[in-house]
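Heads up: the structure comes next, in C-alpha cells.
The values are calculated or read from the model by the stated rules, or taken from the named source; none is laboratory data. Everything quoted here is computed from the prediction, not taken from an experiment. Cβ coordinates were reconstructed from backbone atoms using ideal geometry, including for glycine residues, and neighbour counts include every protein chain displayed.
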Amino acid sequence: MKKLNKNASPRPNRVRELRAELAGRIASFMGSEENRATSIAGLTLHQRTAPTARCSMTYQPGVTVIAQGRKRVELGQTIFIYGESRYLLTSVDLPIVSQIIEASAEAPSLAMSMKLEMPVIRELLSREEIPWAESGSDSPAMATGEITAEFMSACCRLIDLLDTPQDIPFLSDLIQREIIYRILRGPEGARLRAIATLGDQSHRTAKAIAWIRANYAKPLRLDDLAQITSMGVSTLHHHFRALTAMSPLQYQKQLRLQAARGLMLLNGLDAASAAFEVGYESTSQFNREYSRFFGQPPMRDIRTLRSPNAPPLESVISRPDAI
C-alpha cells in the first residue's frame, strides 16, 4: 500500500485548476471580441488569437492576470514578462510598450484587468490585519507577483459574478478588496503601500506623476514640480526615475507623443496641428521625436495604422487625459 506524503502540497495543482477555470470563463464571455468592458466597475477582459506587434500605451494603476498566454511589457529599459504563473501590478500611471508574445487560435491569450483605486487601498491599509512591509527605495512602480491559489480563487469568483448581475452591487466590491488584500500581503504590494501612504516619498512622487499626466501639454519646470511635491529637485528626480524608469521630461514626452498619435488617428489632425495641441513648439522636433519613438514619421505611421492589416485602434493609442 502506497503511503501518503503528508508534507506534499496540493497548491500547484489547485492553481492550475483555477487558472484553467478562469481561462474558460473569460473565453465564454469574450466570444470573438478582443476587448470587453464588463458590468463590474474597473474590470475588463482581453483576448488575442496571435502574438501582437509592440504597442505604446499608458497603463493605469491596476492588476492584470493572464489565465492563458504570455505578455511582455517594457518600462524604460526594464522588461517584465508575465503569464500563467505571475500577475502584473501597476501602481501609478506609466507609459509602457506592451506585446503579446504567446497566443494562437487554438490557445488564445486570455486576461482580466482590474483597476485599482487608491482610496480603497488606503482604507484596507488602515486595518491592523495587514502587516506593514518596507519597499526598496529604488523599486519601480511596476512588478510581477506570484499567483497563489487564494489570489486566483478570488479572480474566478469575481468573473463568476458576470453570470449573476444582481449580485454585482453587493459582492463585487468585497471580492475586489480581497484581491487587493492578497496583493498587499505579498512583497509586490510594498511599493503600492508606499504610494498610497500619505507623506511617503513614493506618494509625493506619485503626485508629480499625476500632475504631469493631467498637464502634459504645458511647459514642465522641475522647480515648480518639486514645490508641488514638497521635495528637492534632485530628490524628486531620483524617486521619479526609480518609480517610472525615466526622467520627468522623458515621461512627459512619451505622454505627448501618445496623445498626438491619438489626435491624428482619431481626429484626423495633421502632424503640425497635433504637435501644437500636445505642447510642442517646433514641428521638426516633434517629427524627430515621433520617428524615434514610433519607428517612422507621423503621417506614414498613421497610414500604416489605418491599413486593413493594422491592429485594433485601442491597442495602439492611449489618451493621457482619459483617466
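Before moving on, here are some points about what is shown:
- Number of residues in segment 88-125 that are closer than 15 Å to MET142 by Cα and part of a strand (DSSP E or B) equals 11.
Conditions (1) closer than 27 Å to ALA143 by Cα; (2) in the same structural domain as TYR59 (by TED's automatic domain parsing); (3) at pLDDT below 95, marked per residue:
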position: ALA206; (1), (2), (3): yes, no, yes
position: SER230; (1), (2), (3): yes, no, yes
position: HIS239; (1), (2), (3): yes, no, yes
position: TYR251; (1), (2), (3): yes, no, no
position: LEU257; (1), (2), (3): yes, no, no
position: ALA260; (1), (2), (3): no, no, no
position: LEU266; (1), (2), (3): no, no, yes
position: ALA271; (1), (2), (3): no, no, no
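- Out of ALA50, ALA37, ALA67, sole residue that is out of contact with any helix residue (DSSP H, G or I) (no Cβ under 8 Å at 6 or more places or on another chain), of a type in the set (Gly, Ala, Ser) and closer than 18 Å to SER104 by Cα: ALA50
- Going through (1) part of a helix (DSSP H, G or I); (2) closer than 22 Å to VAL97 by Cα one by one, SER234 falls short only on (2).
- Residue check, PRO95 farther than 15 Å from GLU188 by Cβ and buried (at least 16 other Cβ atoms within 10 Å of the Cβ): yes
- Residue among PHE276, PHE240, PHE286 that alone is closer than 28 Å to THR52 by Cβ and either among the aromatic types (Phe, Trp, Tyr) or assigned to a helix (DSSP H, G or I) (or both): PHE286
- Annotation: LEU198 fulfils all but one of (1) within 25 Å of TYR181 (Cβ to Cβ); (2) part of a helix (DSSP H, G or I); (3) not acidic (Asp, Glu); the unmet one is (2).
- Number of positions in segment 32-87 that are assigned to a loop (DSSP other than H, G, I, E, B) and over 13 Å from the mean Cα position of the chain (by Cα): 19
- In a residue-by-residue description of segment 216-224, the property of being in a helix (DSSP H, G or I) and surrounded by 19 or more Cβ atoms within 10 Å (Cβ to Cβ) applies to no position.
- Checked against the criterion of being aromatic (Phe, Trp, Tyr), touching a residue at least 60 places away in the same chain (Cβ under 8 Å) and either part of a helix (DSSP H, G or I) or in the same structural domain as ARG25 (by TED's automatic domain parsing) (or both), segment 129-137 has at least one qualifying residue.
- The lone criterion from (1) of a type in the set (Ser, Thr, Tyr); (2) buried (at least 18 other Cβ atoms within 10 Å of the Cβ); (3) farther than 23 Å from ILE96 by Cβ left unmet by THR197 is number (2).
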